[in-house]
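Below: the structure, in structure tokens.
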Amino acid sequence: MQKEYWGVWDRAAQQFRQRTHRFTRRVQLEPDHVHVRDGDTEIDVTFEPCSSFEVYRPANRAYIWSHKDYCRTAQGTVRYGGTMRAVAGVTFVDISAGYHERHTRWRWAAGVGLDQHNRLVAFNAITGLFDTPAHSERTIWIDGDAQETGPVTFSDDLSTVSFAEGGTLHFQPEALIEYHDNFLLVRSYYFHWFGVYTGTLPGGIELSEAYGVREYHDALW
């Protein structure tokens with residue numbers, strides 16, 4: 001089953017648009033470009049070569065794989081209804097594939113912002129997928145330089161994520177993409193929030209301003 005979705009959260013106007021489709025090609029992703037055209041909404045964003053890495057993990061007799069890009073020079077336009085926005089900043093590109101366990105559940109958080117020294121910092125934290133003690137996808141970027149972190153722990157309500165080395169992030173949700181599929185043998189419960197992060201990262205990094213996403217997925221496939 002193939003599914004695609006997109007979301008636009010216009011914080012200044014407090015406007016949220018989102019849509020989910022099966023078996024369509026309204027979302028187009030290329031190595032340096034993402035384009036969405038769906039009704040009265042169009043997203044067109046380009047980005048320069050990124051800081052990238054890949055993670056591979058056996059899954060019983062199969063495998064799962066993920067490719068991550070962190071791009072600091074994204075720019076483009078977003079149009080919805082009669083509103084046009086120019087956008088510029090950081091883009092995360094997250095591509096996963098493979099043969100997952102029959103029951104897969106993950107919690108994920110990612111964001112970007114400025115710290116107390118006015119440095120550009122970003123983070124990627126996860127449990128349930130690619131979360132081995134080492135060689136995981138958990139990463140912090142400081143002015144573009146990447147370093148892996150230790151394991152993380154999410155609170156039950158996903159409002160906080162804490163790092164083994166010290167530091168806790170707090171998330172304030174603002175908008176939500178949500179869908180539920182139940183085909184008896186195949187089920188999926190998915191939640192993807194946009195919002196604001198506050199708190200600290202490992203190494204005494206204090207977020208002065210940060211925005212990002214939080215995700216929960218419980219799937220039987």
Worksheet entry | Where ALA97 falls short, out of the listed (1) more than 30 Å from ASP10 (Cβ to Cβ); (2) surrounded by 14 or more Cβ atoms within 10 Å (Cβ to Cβ); (3) hydrophobic (A, V, I, L, M, F, W, C) | (2)
Discussion item. Tell me yes or no: at least one residue of region 68-91 is in contact (Cβ under 8 Å) with a residue 24 or more places away in the chain, touching an Asp or Glu at 6+ places or on another chain (Cβ under 9 Å), more than 27 Å from ASP10 (Cβ to Cβ) and surrounded by 14 or more Cβ atoms within 10 Å (Cβ to Cβ).
Written reply: no
Discussion item. So, restricting to strands (runs of 3 or more DSSP E) that lie completely within region 47-138, which ones have at least 1 residues that are among the acidic types (Asp, Glu) and within 27 Å of ARG187 (Cα to Cα)?
Written reply: 83-98
Worksheet entry | Where ASP156 falls short, out of the listed (1) free of Cβ contacts under 8 Å to residues at least 40 places away in the same chain; (2) assigned to a strand (DSSP E or B) | (2)
Discussion item. Report every pair of residues separated by at least 6 positions or lying on different chains whose Cβ atoms are under 6 Å apart, first residue within region 182-198 and outside any loop (DSSP other than H, G, I, E, B), second basic (Lys, Arg).
Written reply: TRP193/ARG214
Item to complete: Have a look at THR200, THR153, THR160, THR168 and point out the one that is under 30 Å from PRO58 (Cβ atoms), polar (S, T, N, Q) and touching a strand residue (DSSP E or B) at 6+ places or on another chain (Cβ under 6 Å).
Response: THR153
Worksheet item: If you take the residues of region 162-221 that are of a type in the set (Asp, Glu) and under 15 Å from ARG107 (Cα atoms), which of them is surrounded by the fewest Cβ atoms within 10 Å (Cβ to Cβ)?
Response: GLU178
Discussion item. Of a type in the set (Gly, Ala, Ser) and in contact with a Leu (Cβ under 8 Å, 6 or more places away or on another chain): is that true of ALA122 in this structure?
Written reply: no
Fill in: Test: residue in region 43-63 that is among the hydrophobic types (A, V, I, L, M, F, W, C), exposed (fewer than 12 other Cβ atoms within 10 Å of the Cβ) and out of contact with any helix residue (DSSP H, G or I) (no Cβ under 8 Å at 6 or more places or on another chain)
yes
Discussion item. Which count do you get for residues in region 9-46 that are part of a strand (DSSP E or B), of a type in the set (S, T, N, Q) and either farther than 22 Å from GLY195 by Cα or modelled with pLDDT under 90 (or both)?
Written reply: 2
Worksheet entry | Filter result (under 20 Å from the mean Cα position of the chain (by Cα) and within 16 Å of ARG105 (Cα to Cα)) within region 50-68 | ARG57, ILE64, TRP65, SER66
Worksheet item: Somewhere in region 104-121, is a residue farther than 20 Å from ALA219 by Cβ, in contact (Cβ under 8 Å) with a residue 60 or more places away in the chain and of a type in the set (Asp, Glu)?
Response: yes
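The values are calculated or read from the model by the stated rules, or taken from the named source; none is laboratory data. From a predicted model like this one, the values you see are computed outputs, not experimental measurements. Counting neighbours? That spans all protein chains shown, and the Cβs are built from the backbone with ideal geometry, glycine included.
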